[in-house]
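The values are calculated or read from the model by the stated rules, or taken from the named source; none is laboratory data. Since we're looking at a predicted model, the values are computed, not measured. Using ideal geometry, Cβ is built from the backbone for each residue, glycine included, and neighbour counts are taken over all protein chains shown.
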Amino acid sequence: MNLYIGHKISIISDKPQTTRNKISGMLTSDDYQVIFIDTPGIHKPTSKLGQYMVKTAQNAMNEVDCVVYMVEPRPRANADTRIINRLGNIGTPVFLVINKADTVPKQELLPVIADYQKMYNFSEVFLTSALKAEGTMELLDAIKNVLPEGPKYFPDDEITDQPERQIVSELIREKVLLFMREEVPHGVAVAIDQMTAREGQDLVDVYATIYADKDSHKGMLIGKDGAMLKRIGQTARVDIEHLLGSPVNLQLWVKVKKEWRNSDFYIRNFGFTDS
């Protein structure tokens, strides 16, 4: 979706359950408008947040005209089987997209494709590399071909339904996912406390708090002499400046909210609301 839209509006990571909310991205040209919806991955939830994520993904699948099921070029795992079983309940075309296909010899992909096709009657199968933009235009053409004719839902210059503050918080969380290991990233949420442009200056002040769900994780996020928090802030600031188009003064704090992933109040407070 980021490739098609031309902007990073959905964060990326090699860790599971990176996407926590439903994120829409709009691609508009002279003769079409495609609304992409990036959803959380379907998994076996172990918290109220996980239950919310699975419900959000399932609801989204029932609202769209086409489903793009993206996997990596490896043998099917149990999680993939759970997702495929849920696909059987929808009536829209489903495309199987094997991303990072350039990282595996093609002969190794054939049994992977055959195994997936044995499980589900996919409308089409695509081999892509989002990083290299290979196979992505063919996928886009197939998506356009199955979408029904209809009105334009969003203005030409609108590319996402996410407020800037939400995208900024996700860009910060992305860096936590990038630099932190073990279970820390899954217990982290980011809240933007204040985001304002300085009057008369080309500078945006962003004050944000990283919330951990365990006391031990707070120290890991801060690091020795604040080194890890500084690293997270420095790399996040680059992406935030690209998003906002201006220099950014980013200030980060770390606090602990124990078991927030099982709190309806904090789940809503951190922006995970049914839409």
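Which of the residues spanning the stretch 156-182 are free of Cβ contacts under 8 Å to residues at least 12 places away in the same chain and at negative phi? Please lay out each step first, then the result.
Kept after step one, since they are free of Cβ contacts under 8 Å to residues at least 12 places away in the same chain, are these residues of the stretch 156-182: 157, 163, 181-182.
Passing the criteria: D157, P163, R181.
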Neighbours by Cβ (under 9 Å, 6+ apart or cross-chain): first from the stretch 80-97, over 14 Å from E124 (Cα atoms); second charged (D, E, K, R): R82/K44; I84/R76
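So if I check each of K257, K175, K152, which one is out of contact with any Leu (no Cβ under 6 Å at 6 or more places or on another chain) and more than 27 Å from G6 (Cα to Cα)? Step through it out loud before you land on a result.
Numbers: K175 fails: more than 27 Å from G6 (Cα to Cα); K152 fails: more than 27 Å from G6 (Cα to Cα).
The unique qualifying residue is K257.
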Qualifying positions in the stretch 1-34 - among the charged types (D, E, K, R) and within 18 Å of E164 (Cα to Cα): K8, R20, K22
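Return the residues of the stretch 108-122 that are surrounded by fewer than 14 Cβ atoms within 10 Å (Cβ to Cβ) and either in contact (Cβ under 8 Å) with a residue 40 or more places away in the chain or part of a helix (DSSP H, G or I) (or both); say none if nothing qualifies. I'd like the intermediate steps shown before the answer.
The first filter runs over the stretch 108-122 and keeps only residues surrounded by fewer than 14 Cβ atoms within 10 Å (Cβ to Cβ), leaving 108, 110-111, 114-115, 117-118, 121.
Answer for the stretch 108-122, where residues must be surrounded by fewer than 14 Cβ atoms within 10 Å (Cβ to Cβ) and either in contact (Cβ under 8 Å) with a residue 40 or more places away in the chain or part of a helix (DSSP H, G or I) (or both): E108, L110, P111, A114, D115, Q117, K118.
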message: Restricting to the stretch 1-38, count the residues that are of a type in the set (A, V, I, L, M, F, W, C), free of Cβ contacts under 8 Å to residues at least 40 places away in the same chain and outside any strand (DSSP E or B).
response: 1
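Among what's in the stretch 145-176 and is surrounded by fewer than 14 Cβ atoms within 10 Å (Cβ to Cβ) and of a type in the set (D, E, K, R), pick the residue that is nearest to the chain's Cα centre (by Cα). Working first, answer last.
Of the residues in the stretch 145-176, the ones surrounded by fewer than 14 Cβ atoms within 10 Å (Cβ to Cβ) are 145-146, 148-153, 155-158, 163.
Still in the list and also of a type in the set (D, E, K, R): 149, 152, 156-158.
Working: E149: 27, K152: 24, D156: 23, D157: 21, E158: 18 Å.
So the residue we want is E158.
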- prompt: Just a yes or no: is a residue in the stretch 131-139 surrounded by 13 or more Cβ atoms within 10 Å (Cβ to Cβ), modelled with pLDDT under 95 and hydroxyl-bearing (S, T, Y)?
  reply: no
Residue count for the stretch 155-213, restricted to those that are β-branched (V, I, T), in the same structural domain as S263 (by TED's automatic domain parsing) and assigned to a loop (DSSP other than H, G, I, E, B): 1
- line: Just one listed residue, out of V176, V190, is of a type in the set (V, I, T), over 30 Å from E124 (Cβ atoms) and out of contact with any strand residue (DSSP E or B) (no Cβ under 6 Å at 6 or more places or on another chain), and it is V176
query: Do the conditions hold for F36, that is, is it closer than 20 Å to Y153 by Cα, in contact with a Leu (Cβ under 8 Å, 6 or more places away or on another chain) and crowded, with 17+ Cβ neighbours inside 10 Å?
result: yes
query: Only one residue in R76, R82, R86 is part of a loop (DSSP other than H, G, I, E, B), surrounded by 13 or more Cβ atoms within 10 Å (Cβ to Cβ) and either at pLDDT below 85 or over 19 Å from the mean Cα position of the chain (by Cα) (or both). Which one?
result: R76
